[in-house]
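Heads up, the thing below is written out as C-alpha cells.
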Amino acid sequence: LVRRMEKVLNRTVEVLGRQIQSGLFVPENYEVSFQYVSELDAVNFKLGEEEKMRLKGRIDRMDTKKEGEQVYVKVVDYKSGNTQFSLVSLYHGLQLQLVVYLNAAVELLKRKYPASQVLPAGMFYYHIDDPVIEVNGPAAEEEIQEKVREQLKLNGAGILPDESVSRKSRQADMEEMKVLSDFVNAKIRSIGRAIFRGDTAVNPYRMKKESGCDYCPYHGICGFDLRIPGFGYRRLEEPKDKNEILEKMRQE
C-alpha cells in the first residue's frame, strides 16, 4: 500500500508540474479556505427575514491568467475518485461544489486586484491516480507516458482552450458561466430553505447506475428498503441535449 501511494504521489507531482508548465494559467494560491470570510456573497445566503446560511470549504488550487486589465481565474479540485464534470448532475443539485468554489475565487481576487476585471475562466477536477494504460502491441515508453498524462488531464468546463484540459471537457462561454453561477446560487438557497423547514424525508435519488445510497453512512438507521412496499428511488431525468439543460437552468 505504501509503495502504491508513493507511485501515485510521484505521478501526481510529475503530471501537475507538466500541466502547469504547458498551460495558460499559473497557480495563484493553494488550499484557499473561505469559511471565515464572512462577507463573501458566494458562500453567504439569506434564506428569509431571519434565516441565513454560510457555506464552508477549501479551494485546492486557484489559477490565474492576466491579460492587460483582465484577470481570468480557474479553480482545480483534487479528487481521489474519478469524478467527471456533468451538467446533468449539476442541474439536479448533485455537483454544486466547483461552481461555489469558482464564485468564491472570483470574489476573493476582485479584492486582490481591484483595478482589474476578474473573470471566471474555468472549473476542473483532477483525478489523483496512476492509471494503467492499454495499448495494442509493443509501444515506446514515451508513448505510454503520454497516454497516461492524457488520461490525467483536467476535466470540467472552461472558456479558454488549455493544454492541461481534457478534450472531453466542456467548452463554455461567459454567458454560460453566468447561467451556471446564478442557477447554483438559486439551488443552494432552495436546499437551505428545505433544511430550515425540517425536510428530512427518506427520498434518495437514482440516476443511471448511481444513487444517493451509494456512499451514505446511515443505512442502518434511515429505514429505506426496496423490499418494503412504498419505498422506491426518486428517478432523475437525464436530458441528452446540453442546450436543453442550460435552457432549463435559465428558466429556474
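For residues that are under 20 Å from residue 96 (Cβ atoms) and hydrophobic (A, V, I, L, M, F, W, C), tally how many sit in the range 154-173.
4
Look through 132, 73 and report the one residue that is touching a helix residue (DSSP H, G or I) at 6+ places or on another chain (Cβ under 7 Å) and either open to solvent by 20 Å² or more (accessible area, probe 1.4 Å) or part of a strand (DSSP E or B) (or both). Please lay out each step first, then the result.
Working: 132 fails: touching a helix residue (DSSP H, G or I) at 6+ places or on another chain (Cβ under 7 Å).
One residue alone meets the criteria, 73.
Need pairs with beta-carbon distance below 9 Å; first residue free of Cβ contacts under 8 Å to residues at least 12 places away in the same chain and within 17 Å of residue 166 (Cβ to Cβ) and within the range 83-94, second of a type outside the set (Asp, Glu) and assigned to a loop (DSSP other than H, G, I, E, B); sequence gap 6+ or separate chains.
Pairs that qualify, where the first residue is free of Cβ contacts under 8 Å to residues at least 12 places away in the same chain and within 17 Å of residue 166 (Cβ to Cβ) and the partner is of a type outside the set (Asp, Glu) and assigned to a loop (DSSP other than H, G, I, E, B), are 86/94; 86/95.
Take the conditions out of contact with any Gly (no Cβ under 8 Å at 6 or more places or on another chain) and among the hydroxyl-bearing types (Ser, Thr, Tyr) and apply them to residue 86. Does it pass?
The answer is yes for residue 86.
Among (1) more than 27 Å from residue 127 (Cβ to Cβ); (2) open to solvent by less than 40 Å² (accessible area, probe 1.4 Å); (3) in a strand (DSSP E or B), there is one condition residue 40 misses while meeting the rest; what is its number?
So the condition that residue 40 fails would be (3).
Can you tell me which residue within the range 176-235, out of those that are in contact with a strand residue (DSSP E or B) (Cβ under 8 Å, 6 or more places away or on another chain) and part of a strand (DSSP E or B), is surrounded by the fewest Cβ atoms within 10 Å (Cβ to Cβ)?
By that ranking, first place goes to 235.
Considering the range 212-244 alone, what residues qualify as being touching a Leu at 6+ places or on another chain (Cβ under 9 Å) and at pLDDT 90 or above?
Within the range 212-244, the first condition is being touching a Leu at 6+ places or on another chain (Cβ under 9 Å), and the residues that meet it are 212, 232-233, 236, 239, 242.
Correct list: 212, 232, 233, 236.
Which residue pairs have Cβ atoms under 7 Å apart, sit 6 or more places apart or on different chains, and have a first residue in the range 163-183 that is more than 13 Å from residue 119 (Cα to Cα) and a second that is open to solvent by 20 Å² or more (accessible area, probe 1.4 Å) and in a helix (DSSP H, G or I)?
Note: pairs meeting the criteria are 163/22; 164/22; 179/250.
Here is a yes/no grid of residues against (1) of a type in the set (Phe, Trp, Tyr); (2) under 30 Å from residue 236 (Cβ atoms); (3) modelled with pLDDT of 95 or more:
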| residue | (1), (2), (3) |
| --- | --- |
| 31 | no, no, no |
| 50 | no, no, no |
| 75 | no, yes, yes |
| 80 | no, yes, no |
| 98 | no, yes, yes |
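Could you list, in sequence order, the residues of the range 198-216 that are free of Cβ contacts under 8 Å to residues at least 60 places away in the same chain, within 17 Å of residue 90 (Cα to Cα) and not charged (D, E, K, R)?
Within the range 198-216, 204, 211, 212 qualify.
Would you point out the residue of the range 54-66, among those that are in a strand (DSSP E or B) and open to solvent by 40 Å² or more (accessible area, probe 1.4 Å), that is nearest to residue 102 (Cα to Cα)?
Taking the candidates together, the pick is 58.
Do the conditions hold for residue 94, that is, is it out of contact with any Pro (no Cβ under 6 Å at 6 or more places or on another chain), of a type in the set (A, V, I, L, M, F, W, C) and part of a loop (DSSP other than H, G, I, E, B)?
Values: out of contact with any Pro (no Cβ under 6 Å at 6 or more places or on another chain): yes; of a type in the set (A, V, I, L, M, F, W, C): yes; part of a loop (DSSP other than H, G, I, E, B): yes.
Criteria met by residue 94.
Among the residues of the range 136-159, write down those that are open to solvent by 50 Å² or more (accessible area, probe 1.4 Å) and outside any helix (DSSP H, G or I).
Within the range 136-159, 136, 138, 140 meet the criteria.
Out of the residues in the range 180-226 that are closer than 29 Å to residue 52 by Cβ and of a type in the set (Lys, Arg), which is farthest from the chain's Cα centre (by Cα)?
Selected residue: 197.
Every residue in the range 11-37 that is over 16 Å from residue 79 (Cα atoms), touching a residue at least 12 places away in the same chain (Cβ under 8 Å) and exposed (fewer than 14 other Cβ atoms within 10 Å of the Cβ), please.
22, 26, 27, 33, 35
The values are calculated or read from the model by the stated rules, or taken from the named source; none is laboratory data. Here the structure is a predicted model, which is why all the values come from computation and not from measurement. Note that each Cβ is placed from the backbone with ideal geometry, even for glycine, and that neighbours are counted across all protein chains shown. The protein model used for the area step is the full one, side chains on, heavy atoms only, and it has no ligands, DNA or RNA in it. Shrake-Rupley method; radii C 1.70, N 1.55, O 1.52, S 1.80 Å.
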